[in-house]
Structure formats: C-alpha cells, structure tokens
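Please read the structure below before turning to the comments.
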Amino acid sequence: MEARRASRTVSDPKVRHVGFFTPDPNPHPGRTPLASDAPVSNSLSPVMILPPRQPSDRTAAVPVPETGLRRQTGADQVPVGSYNPSESLLSSSPLPSSPSSRVGLVDGEFSEESGGWLRRSESGNYASSLPDTMVERAPENSASAAPRLESKKSVEVTGKGGKAVVEEQNEVQSSSKPLKAKTTKAERRALQEAQRAAKASGKEGNKSAAVSQGAAPVKPVKQPAQKKDGPPVSVSVVSFDKKGGDRPPEKERKKDVPAPRMQFDDKSRVQKAKKHAVVKQTEARNRVELFRHLPQYEHGTQLPDLESKFFQLDPVHPAIYKVGLQYLAGDISGGNARCIAMLQAFKEAIEDYSTPQEKTLARDLTAKISSYVSFFIECRPLSISMGNAIRFLKTRISDLPLTLSESEAKAALCSDIEHFINEKIILADKVIVRHAVTKIRDGDVLLTYGSSCVVEMILLYAHEMGKQFRVVVVDSRPKLEGQALLRRLVAKGLSCAYSHINALSYIMHEVTKVFLGAASVLSNGTVYSRVGTASVAMVANAFHVPVLICCEAYKFHERVQLDSICSNELGDPDAIAKVPGRTDVNYLNNWANKENLQLLNLMYDATPADYISMIVTDYGMIPPTSVPVIVREYRRDHVFL
Amino acid sequence: MWWRSASFILDQRHLQEDPPNDIASSSSKQPPDTLSSLSPPQTQNSTFMATAADPFNPIPNPKISAYYQTRAAHTAVVTSDWLAQAQAAVGHHPDDAQAAQTHQPLLAASPSSGKSFCVINEFNNWRKQPDLAEAVAAIRALAAVIRASEATTMMELEIELKKASDSLKSWDTTSISLTAGCDLFMRYVTRTSALEYEDFNSARSRLIERAEKFGEISCKARRIIAMLSQDFIFDGCTILVHGFSRVVLEVLKTAAQNKKLFRVFCTEGRPDRTGLRLSNELAKLDVPVKLLIDSAVAYTMDEVDMVFVGADGVVESGGIINMMGTYQIALVAHSMNKPVYVAAESYKFARLYPLDQKDMAPALRPIDFGVPIPSKVEVERSARDYTPPQYLTLLFTDLGVLTPSVVSDELIQLYL
C-alpha cells in the first residue's frame, strides 16, 4: 500500500515503477529532481542505472574499519548517477553495527550475534527458538541429563557388541512385552527383523562402532544431527552457551529463525563431517554418493535398545517415547498422522510437566520440548509439517504471559495444541474436501498416487454426494500404500482401477484429473511429496491432465527447494532389495557386503510448480505461484491463533 | 486492493497536461451530486432493453443467457435483428409484454420511498448508461441500497446489503464481472473493523462514503488502464484486437490521441460481429484498421507485434475468461512469441478457478449461420472460453500492470 503510493512522486506514469521496481521512498529530497528529470529516458533507466549501483553496493560491503571514511565515499557515489536510495541505505546501514557483518559470511554474522548475546548474558538460561541450541544445552544444564547421556553411551556399547547385545535385547524385550499394552503383530515382526539385522550386521557394526568410538570423547556436545539449523549456529551457540546466555526472546528470534534455513547447504556439508560422532544409530555404509549428506542408518538395529529402555528412568516422557518408537517402527506414517501423534504426545508431556525449582516454565519447557524433538529426530527425521507444528508450540510457550500460574499455563498450552490439531488439520481437511469436490464432475476419471488421507476423504465425500466417477489408484514399490487406500475405497463401493507407476503413461490418457497429496509445499510452489509424485505430475502434464495438489496450509513452508537432493529422507535400502513373499528373488541378498553396490531408497521428491495446475488448501484454491502469499498470511495468524 | 489503485496516474496527468486530453474520462464520470441525488440518468433507447432488463424475470428467454443479452445491449452493432430472430425461434414469451409495462411505473416509484426500493431497478437504470460497465452499475446500485436503507443496526444493514447483492447476482448468473463486482463491493465496503466502534449513523455514512469511493474508482478504472498501457504501444506497431472491449477501445483511443502511429487488426468476432463495431470506432479515430475473419489470425500473426484483448473475468489462476476465440489467439501468439496483453478492470477479478474449458458455467448464445441448420447437427454455442495464464504476458489493470500470478495474490489479500 505504502509502496505504491510512494511511487506517485514519479512524474511520468511509467509502469515499470508500478510493477517491477521497488518504488522510490524518496528519503533524500535533494535527489528527487534527478528522478523527475529522468522520465524521458526512464524506460531505459533500469539498464542504464544499474551498473553504478552494483559497485557501490560492493564497496559498501567491504569491511573497512573507518566508518566515517566509508560514509563519505558512499555519499560521493550518489551523484554518479544512481538515483536509487536503496543503494545509499545499503552503504550506510551496515557501518554503524559491524563492518564484518556485510561480508556475507556466516561466521561473521554469527560472531557478531554471539557478541551481542554475550553482552546480554546473565543467568544460565535462555529461551531459544532454535531447537538445536536447546538440545545441546539441555543435557549439560539440567540435572536429568546425566542418565540420558549414559543411556547414549550404553547404546554405543550395544552397537559395538555382537551377539551378546542381541541376547541382552532378547531378554529385555521378553521382560518388557507383558508390560507393554499393545504389541501388534507388525511390531513384533519388526522387532524380530531388527534382531536379525543386528545379528547380521554385527560384524560390520564392529567396524563402524570403532570409528564412532574414536570420536566418542566429544560426544556430549554432539547430537544426532538432522537439524534444520546450520552447524555453525550450534557450534557458536554452544560455545557461548557455557558462559550462560540470557537473551530477550522475541527480538532475537526474529533475527535468528530465518538464518538456519539460509545455510541449509552448509549444514549438510558439516553434518557429514560430524556424522562419525553420531552415536545412537548405526550408519549404513553403502550409501549413494549424491545423498551422503542425508542420514542413513541401518534400520531396525536401534529399536530393541530403545524398547528395552522404555521403563528406565529417562528424561524422555513415556508418551513421547511411545510415539517415537512408533515412528521408528513405521507404525505411524503420513504427515498428518505423525503430526497429530507428536502433538498429542507433547500435550501429555505438558500435562505431566512440573517446573523444577529456580526455573521458569517458559524456558525449561522449551528446553524439554527441544529434547523431545531431538529424540523424535533420532527416531525418524522430522517432516516439514512437524517442524511447523513445533515452531508453533514453541512460539506459544515463549508468548505465555509471565503472570500465569503453572497450571494455567499448562492448560493454555494444552488447549492451544488441541486448537492447532482441530483447526489446522482436521477442520482444514474438511474445508479442502469441500473445495476440491467442486472440481469433480460426473464422468470424471480421477487418478491418485500413493495414499493421501485428504484425497481419500475427497473421493469418499464426492461418492457420498452421488457423483459418478472412477478412480485410478497408482501405486509403487516398496511401500504399496495404495493398496490400503484401494481396499477402503472399494469397500465403500467406488469403482476403482489399480496400477503400478510403471503403467502410468498407458493409463493416463483416459484420466481427466489427478489428485495428489503433499508432505509440504514450498515457497516457490514446489511440492514436496512421496517419491514418484513428480513423475505422476509430469506425465499428467504431458497429457494435458490438470494436477490438483491437496495440502493443508500448515504444511506450507517458506523454504525454497529446487531439487529433491538437498533435503530428503532415505528409507531402508533393504526394502527395495527384497521382494516380500518371494524367496526366489534373492539376487541382492548380501548386497551390503558388496563395496561396489549402493542402493537408494528415497522417500520424497520435489515436483516443480510448472507441472501443477492448482493447490487446494484450507484457504481456497490457489495457483502454485501464490504459496508465498499464503505463507505470509499464515504466519500472521500463527501469532494470534 | 483499491486503496492501492493506480489512480495516481490520472492525477498526474491532470497536473501535467491540460484538461482537454481527458474528455473521455470526464464524460463518463458522474459528478458526485448526481450520485447522491438518486436519479440515475434515464436513457431509454430501444425495445429490447426492456426484455433484457426485466426485473422480475431474470432470464426472460431461457435459451439466450442474460450474459449475452447484456453484451448485445452494450455492443450495439449486433442490435435487435438477431435477438428478434432468436426470440422468434424460441417463441413469444408471455411475460415479456407484461414485464415491459410494469417496468416503467416501478422505475418512477423506486428511488425515494425506501419501501419499494428495488436493487434490480436501480441497477437497470444505471446500466442504461452506454459507457457504464455492468459491474459498475451493480456497485452503484448497491451503494444506493445503503443510502435507501432504513435499517437501524449494522447487522440489519449488512443483511439487507447481502440480500441485494444476491438478487443482483442471480439476475445474471453467467456474468462474471457482475458477480465479482458484487462480491468485491461487499468485501471492500463491509470489511472494516472500525465500524464496530462507531454509532450506527456515522458508520453508515462511512459505508456510503466507501461505496461512493469504490464506485468512483471503478468508473475511473478504464481511464487508468488506458494511461498505464501507453508505454507498451510504440510507434509503428501492429496490434491485433479480438472482440469489442470498451477498455481496449479506450486504450487505443488514448494512444491515437497521444499521436502514436500504429495500426490495428480487428478480428471479425463471429457471430455477434463485435470486431466490426470496433473497426468502425477506430476508423472514426483515423487509426488504420484491417478487418480479419476469425480464422485468419494465424495467417496474419507474423505481422502482429502484440495482441490486445479485454476480459469478461479474470480468474484466480491469473487466466482470463473472454469472448470465444481468445484462447486460440493466445495460443497462436504464444507459439509465435508475441506478447498478449489483457486490459481488465480490477472489479473483474473473480474467485473462480477453472481447470479447463468445460469447467465453467457455459454462457450460451444463438449463432446465425445464414442457412438453416439441420436438427441433427449440433452447434457449439458457448460464448466464451478460458485462456490459461501461461499464454498471457501482462494484465493492465487499475491496480497497475500485473503479471498473471499477481491476480491471485490480490484476491487472497482481499478475501482472507
């Protein structure tokens, strides 16, 4: 609003000033005549004016200590021909704060910030919105951290050990079984498989464990590290954290939160270096070169240990523990289910929480939540939707008024969590269903891929409304999630077809619409979803079939991602090596022993916005180009949800 | 959205240049006292207006959509011959004569006495102004509703307004700009938290003020667009125009007044021959015009520098819904790398999201082939098509020159 009004001062109605240019706010009245003299050449001006601006920009960024001198040169450059005041803002603003901050190096920025924190630091605590910092700090500061560390060590030991470990696991498992209320068949099988895998990998485990032992002394600082934050953050944070950093939460948070996202690249690189020290999980050895930056563990090996510790006195709340194990075993999957399970576990944990002496609820609880989150991450990397939910919860905790008593605060948080689940997930799904159903017409052939609960709801609702349509469920190995969906749809009487993704191009010509779910939608419209979604969308696009993505707005994320390499999740490579129920297909039986064979089981992929016709969210139907607008709006009402 | 209207373009022109350049805008603009005096100009022109403007029977002739009747009324070159033909084909509608009779007395009675006030009548009165778009007429009519309302609470007023806008919308369900205009008016006028803290009378006067402002901006929109688009018309360019759009005509008129040298290719615009009317108008302005039959678009496209079209509605994806044939012209232009510019006022922004051509309520129209068509032959009678955003280059609106993706941003900001 202000921006466009400001450009009124430009005398000639050049559209470029309306559409493409950041308008001239005219802070220096002396320069306005220059702008108003220009209109004749104004249409060319973007080209002509840009060159002088860039060098001045660059010189301003160079860290030179003499502030006064810099400012002078900055002023000198004004008449050279750049009328854009943003240039002068750039040149002058970084100077007062710190010359090094404009260098653009991560370290420089952080050193500056850490300095700020040091100055402010007084007590031993600070409420941080960075999950990482809290994670790293919690074991050191809180008294309860000691057993946790020990447990970690023990895991490491078990990781090293061969058969003895497995036996021990067996014992513990049998003892824990009667106590654990519901051990499903699948769970038991998972356990057995895990043990077998542990046995098989016992010898290799020796090696990798030895490597990890080498780095063991540093262990307390390092954490299993699939964090969103860049490692530089964590390192610097830890260093001054020991001196104790107390910082005003709101002001810092605004500055801090985007930073880790920016250095996503860095993170993966340094994480790789750190990886050797990761204790908890056994690293898979044969990994695809391109995906080295992603954590890949030997699946199943850690499950028995964790189960065995279920009843040990542990800082992790049992509800959290249970959900974590369910993630690990794969009992809970799907973005919404995982998110709801996590939030409900948090709710239980908050209900049982009591603030320790000499601590404030806001800070201690944030630390607690962060340690829980790190536990979840150990079990399975967070989905983006979970990250958003965690961010929401932490905001709520830090925004709690100090005057609230503990019970009131806890009640408020619990109702907030309930509210989030109801409003952002359950209600949102209903709204999406209502929107999407308007796009289903009689005679349609709808194609869906994998199993998305929202898409399922849409199909069922449309069927209830009496619309006549057919459904094609496309599925893929190894998860075969589509079969469960197919079963439920057929049971409700929908007319369905089932196919694997291999036959997609064959079946696509008769399809009229493609409905897909999404794990997340990123700021550039990229849809991050179950692997295979991108190929479905691309084939549909090639056949001129509209692709509709159904996704709740809480899964939107301001990150931008261009490929599915930099951030992804690696699944169990065994899953693609084996064919369940076919013992004769055993060509890859001992693939892990072969140095020259790597298996890649990706979990997600990124679909570029070009292949998407529409995104159906709880805010209505929007083109993929409008995701940033929703993210902006969403953040806003996030605050006063 | 309107508080950021690019209307400053007009203000600057006023400051910069002499008034004579603004004849068009001043003629179309209503002096404010006319607005408040509740006496919309009574420009009765022809008999078919009465059938189209029948207040009690929204679609007097079910075979011809009201959308098309309005269009026909406004783009007068088509006139009554085909309408009479179509009507003869369908058979005389018993309500017509009766409606025509009741129409007049109602008009006289409506404005001052609040009891018998009828939005549709008000709307029709405004609509008879040849230069006023349907949506603007609706906006004016809704403003009149607030003025004539005898409500005593905000809630009551809002309900009354809602009812009025619903009846306006149902008057012609196929017109996108009418629906969008009503929706936007409701959003713009009623969405303000400040109203809750005031007493009713001042809140009401504030509403009226906003409504007037909205109406005025909508009125000025065409002029603003014409100003904004001038930078894109360069000397010696060839412009392909499809259909008759008052905005596009305004753009070209302004360009001609600015002494730009350009020529225009007009498509014929079958079946209502809207291109003929546009070529007439342009010939009056001494702009070199060439008339093409609709199928010659691809043939001439290599000579064309840019394509200018209007829009019935701008949808959320950033695409447009416009007269039949726009889509194929955009496709041809896209494949030959020619820019396609759309001139559309922002009150045409609609919360619609068609996925493909068949994803809209069809607006049907009669087509005269000159020879009798055997009954076994089916005729595609849809009056408009949907052009997806990837084939459009820029949209000239009164909010500024926008890329198609911005449309959705504006709509989200307004409706969320």
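For the reader, a short list of remarks on this structure follows.
- Accessible surface of segment A:338-425, 1.4 Å probe: 49 percent of it comes from carbon and sulfur atoms.
- Rg ratio for segment B:123-248: its Cα radius of gyration over 2.2 N^0.38 Å, N being its residue count, equals 1.26.
- What you get for segment A:556-641, charging only the Cβ of Lys and Arg (+1) and of Asp and Glu (-1), is a dipole of about 60 debye around the Cα centre.
- 25 °C / 0.890 mPa s Stokes-Einstein diffusion coefficient of segment B:133-181, Kirkwood radius on C-alpha pairs, µm²/s: 222
- Per residue, segment B:338-379 exposes an accessible area of 52 Å² to a 1.4 Å probe, with every protein chain left in place.
- Taking amide H positions as modeled 1.01 Å from N, with prolines and chain starts lacking one, the residues under 5 Å from A:F469 and 5 or more places away or on another chain are A:G443.
- Dipole magnitude of segment A:473-571 about its Cα centre (Cβ charges: Lys, Arg +1; Asp, Glu -1), debye to nearest 20: 300
- Solvent-accessible area lost on pairing B with A (1.4 Å probe, both sides summed) amounts to about 2800 Å².
- Whole-number Å³ per residue for the convex hull built on Cα positions in segment A:440-573: 113
- Fraction of accessible area attributable to carbon and sulfur, segment B:162-282 (%, probe 1.4 Å): 47
- Residues of segment B:339-358 that bury at least 10 Å² of accessible area when the other protein chains are present, relative to the chain alone (probe 1.4 Å, heavy atoms, ligands and nucleic acids excluded): B:R351, B:Y353, B:L355, B:D356, B:K358.
- Placing unit charges on the Cβ atoms of the charged side chains and taking the dipole of segment A:342-441 about its Cα centre, the candidate lying farthest along the positive direction among A:G387, A:L400, A:L413 is A:G387.
- C-alpha center-to-center spacing [segment B:281-312, segment A:369-435] in angstrom: 58
- For segment B:358-416 versus segment B:246-279, the inter-centroid distance based on Cα atoms is 19 Å.
- Exposure rank, largest accessible area first [A:E510, B:E122, B:E209, B:E378; 1.4 Å]: B:E378, B:E209, A:E510, B:E122
- Cα Rg over Rh - segment A:435-496, Kirkwood: 0.95
The values are calculated or read from the model by the stated rules, or taken from the named source; none is laboratory data. Nothing here was measured: the structure is a model prediction, and the numbers come from that model. Reconstructed Cβ throughout: ideal geometry from the backbone, glycine too, with neighbour counts over all protein chains shown. To get the accessible areas, we keep the full protein, side chains included, count just its heavy atoms, and leave off ligands, DNA and RNA. Shrake-Rupley method; radii C 1.70, N 1.55, O 1.52, S 1.80 Å.
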